[in-house]
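So the structure is just underneath, and the comments pick up after that.
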Amino acid sequence: MGNPSAGRLRERVRGQVITPGSEDYDRARTVRNAMIDKRPAAVVRCAGADDVRAVVDFARDNGLELAVRGGGHSVPGFGTCDGGVVADLSPMRAVRVDPRTRTARAEGGATWDDFNTATHAHGLATTGGIVSTTGVGGLTLGGGIGYLSRALGLSCDNLVSADVVTADGNLVVASGKEHEDLFWALRGGGGNFGAVTAFVFRLAPLTDVYGGLMLYEMDHAATVLRAYRDAIAAAPERLCVFPAFHIAPPLPFIPEDRHGDRFVALVACWTGPPEEGERVLRPFRDAAPVAAEHVGPMPYPVMNSLFDAILPPGLQHYWKAAFAAELTDEALVAHVAHAPGLPAVNTAVHIYPIDGACHRVAPDATAFAYRDASFAAVIAGMWPDAAANDANIAWVRGYYEAIAPHSQEGGYVNFMAGDDQGRVRANYRGNHDRLVEVKRAWDPGNLFHLNQNIRP
Ligand code: FAD
């Protein structure tokens, strides 16, 4: 992009326009996944919805590729591009809570940390993810699986409305009453339909939770997974528990001589009365002898940031994902065979429950189609050293190939890699054709294509 073009863009926006040669260019082009090394012609740090409209118009009118960035956590690096323009919404992160209507309005670049901080002050919350650094934007648009999804549904199930800059540069409100087709597609369809400048969420009362991590020896992995499978089916919805495979980081609750060892963990979050926490967790805790644990009452925002420290910016990322209707014995064998090979302390395999309130939404009521899945597994490869990329990617792929025969055809779009575009139809199955129709109506030129792309 030449200087005159950058100049025209600068005239239209209030936020910073950062181009190659700008002092801040390298920081501005960086996304969470260090494997992504793209060089956009301009990164616009949007100051408000008008800036987002200007960037969308500019990209469309000049035939430039457009990337929309919220929290920047996309594993395939969808929040940046080579040679095009990035609408970076990260300066737009205000969250306004209305305790009277129990709703919160979050700007399109807010993170879950921004969101939780604002809502916790009012004793309210909604479903976010497992870490607090992730963007509200990308996470909600893909669905949103987290500690509260059994109790409250996916993040997108709690969405009341969205302000959307569409491909023609207009700003529209999508809700159950306005532009219902767009609202339907935004809830699970990813960033395919426009740039969301604000999200309004329904909130539920929540301050403290009872939860944390219980670690078990890897030798007990099959026993723990089997006990988990039985216990979660009977567990109250206000209890979220998921099995996880991790390498023990140097945390004070883990004996020093076990740091670096591989464990199977159960991660729990109970949002009912804290004094009942110990009792409701017991069927899970008793799965096998506990090797180390950190469980107790804590504010929800603390729970939501327990994993943050092992996931700093600058790691290499490669992930694979699969939904499963059930955790079959065969699937357990595959997990137990592959988990002991965990290659890095930042890498995790999590198997999230998708049930409770998530199942009370019909598969065609939102774009998120897998309401009959009971589990969403993610093989989240993350490691610091680029020289180890080939080995780590091979491990993630090998693990995924082992569980794939025991999984459903599609996976969760937010947990998928850049080489998963071939699975888009399977990820949306019965909803795919309707998503294509909505895409044709709102973005026929596929301006918003840096995502798990629904082609018009
Ligand atoms: P970005 O890279 O900014 O955006 C991702 C995609 O969403 C892009 O296509 C982008 O164009 C689009 N997008 C973002 N914001 C907007 C917006 N305002 N308007 C329109 N399009 C937008 N997912 C879960 O469900 N639960 C979890 O617990 C969870 N944990 C995670 C932990 C880590 C460490 C990471 C890296 C990811 C995790 N995810 C989780 C996956 C996460 O939901 C996706 O990576 C998601 O896309 C991130 O959103 P973002 O806004 O941070 O990313």
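Yes or no: residue 249 over 25 Å from residue 347 (Cα atoms) and in contact (Cβ under 8 Å) with a residue 12 or more places away in the chain?
Numbers: over 25 Å from residue 347 (Cα atoms): no; in contact (Cβ under 8 Å) with a residue 12 or more places away in the chain: yes.
No, not satisfied.
Only residues that are within 25 Å of the chain's Cα centre (by Cα) and either more than 21 Å from residue 25 (Cβ to Cβ) or away from the ligand (no atom under 12 Å from the Cβ) (or both): list them for the range 74-83, please. Spell out the reasoning first.
Step one: list which residues in the range 74-83 are within 25 Å of the chain's Cα centre (by Cα), which gives 74-82.
Hits for the range 74-83 are 75, 76, 82.
Residues checked against (1) within 15 Å of the ligand (Cβ to nearest atom); (2) touching a strand residue (DSSP E or B) at 6+ places or on another chain (Cβ under 6 Å); (3) under 29 Å from residue 240 (Cβ atoms):
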| site | (1), (2), (3) |
| --- | --- |
| 57 | no, no, no |
| 62 | no, no, no |
| 95 | yes, yes, yes |
| 107 | yes, yes, yes |
| 112 | yes, no, yes |
| 136 | yes, yes, yes |
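For residues that are in a strand (DSSP E or B), under 23 Å from the mean Cα position of the chain (by Cα) and not β-branched (Val, Ile, Thr), tally how many sit in the range 34-71.
4
Suppose we filter 221, 233, 185 for residues that are part of a helix (DSSP H, G or I), touching a helix residue (DSSP H, G or I) at 6+ places or on another chain (Cβ under 9 Å), away from the ligand (no atom under 13 Å from the Cβ) and of a type outside the set (S, T, N, Q); which single one remains?
Step by step, each of 221, 233, 185 is checked, and only 221 is part of a helix (DSSP H, G or I), touching a helix residue (DSSP H, G or I) at 6+ places or on another chain (Cβ under 9 Å), away from the ligand (no atom under 13 Å from the Cβ) and of a type outside the set (S, T, N, Q).
Please name all residue pairs, on different chains or six or more residues apart, with Cβ atoms under 6 Å, provided the first residue is in the range 277-306 and is β-branched (Val, Ile, Thr) and the second residue is modelled with pLDDT of 95 or more.
280/239; 280/270; 290/214; 295/212
Please find, among 31, 75, the residue that is touching a Phe, Trp or Tyr at 6+ places or on another chain (Cβ under 6 Å) and assigned to a loop (DSSP other than H, G, I, E, B).
Selected residue: 75, the only one of 31, 75 that is touching a Phe, Trp or Tyr at 6+ places or on another chain (Cβ under 6 Å) and assigned to a loop (DSSP other than H, G, I, E, B).
Determine the pairs where a residue that is closer than 18 Å to residue 393 by Cα and of a type in the set (Phe, Trp, Tyr), located within the range 406-426, has a partner that is at pLDDT 95 or above and within 12 Å of the ligand (Cβ to nearest atom) with Cβ atoms under 9 Å apart, the partner being 6 or more residues away or on another chain.
Here the result reads 415/75; 415/142; 415/145; 415/319; 415/321; 415/376; 415/378; 415/380, each pair linking the range 406-426 to a residue that is at pLDDT 95 or above and within 12 Å of the ligand (Cβ to nearest atom).
Going by the conditions given, is residue 235 surrounded by fewer than 20 Cβ atoms within 10 Å (Cβ to Cβ) and over 18 Å from the mean Cα position of the chain (by Cα)?
No: the conditions fail for residue 235.
All but one of (1) closer than 25 Å to residue 182 by Cβ; (2) assigned to a loop (DSSP other than H, G, I, E, B); (3) out of contact with any His (no Cβ under 7 Å at 6 or more places or on another chain) hold for residue 424; which doesn't?
With respect to (1) closer than 25 Å to residue 182 by Cβ; (2) assigned to a loop (DSSP other than H, G, I, E, B); (3) out of contact with any His (no Cβ under 7 Å at 6 or more places or on another chain), residue 424 is out only on (2).
Filter the range 19-28 for residues that are among the charged types (D, E, K, R) and in a loop (DSSP other than H, G, I, E, B) and give the result.
Initial filter on the range 19-28 (among the charged types (D, E, K, R)): 23-24, 26-27.
The answer is 23, 24.
Here's the yes/no breakdown for (1) within 30 Å of residue 60 (Cα to Cα); (2) in a strand (DSSP E or B); (3) of a type outside the set (A, V, I, L, M, F, W, C); (4) under 26 Å from the mean Cα position of the chain (by Cα):
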position: 196; (1), (2), (3), (4): yes, yes, no, yes
position: 209; (1), (2), (3), (4): no, yes, no, yes
position: 226; (1), (2), (3), (4): no, no, yes, no
position: 249; (1), (2), (3), (4): no, no, yes, yes
position: 253; (1), (2), (3), (4): no, no, no, no
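Kindly provide the set of residues from the range 218-228 that are of a type outside the set (A, V, I, L, M, F, W, C) and surrounded by 20 or more Cβ atoms within 10 Å (Cβ to Cβ), ordered by number.
Of the range 218-228, the ones of a type outside the set (A, V, I, L, M, F, W, C) are 219-220, 223, 226, 228.
Selection gives 228 alone.
Select the helices (runs of 4 or more DSSP H) contained entirely in the range 82-155, then report the ones holding at least 2 residues which are surrounded by fewer than 24 Cβ atoms within 10 Å (Cβ to Cβ) and not assigned by TED's automatic domain parsing to the domain that holds residue 64.
Details: elements: 112-120, 136-142, 149-152.
Filter on the range 82-155 gives 112-120.
The values are calculated or read from the model by the stated rules, or taken from the named source; none is laboratory data. What you see is a predicted model; the values in this text were computed from it and never measured. Neighbour counts are summed over all protein chains in view; Cβ atoms, including those assigned to glycine, are modelled from backbone coordinates with ideal geometry.
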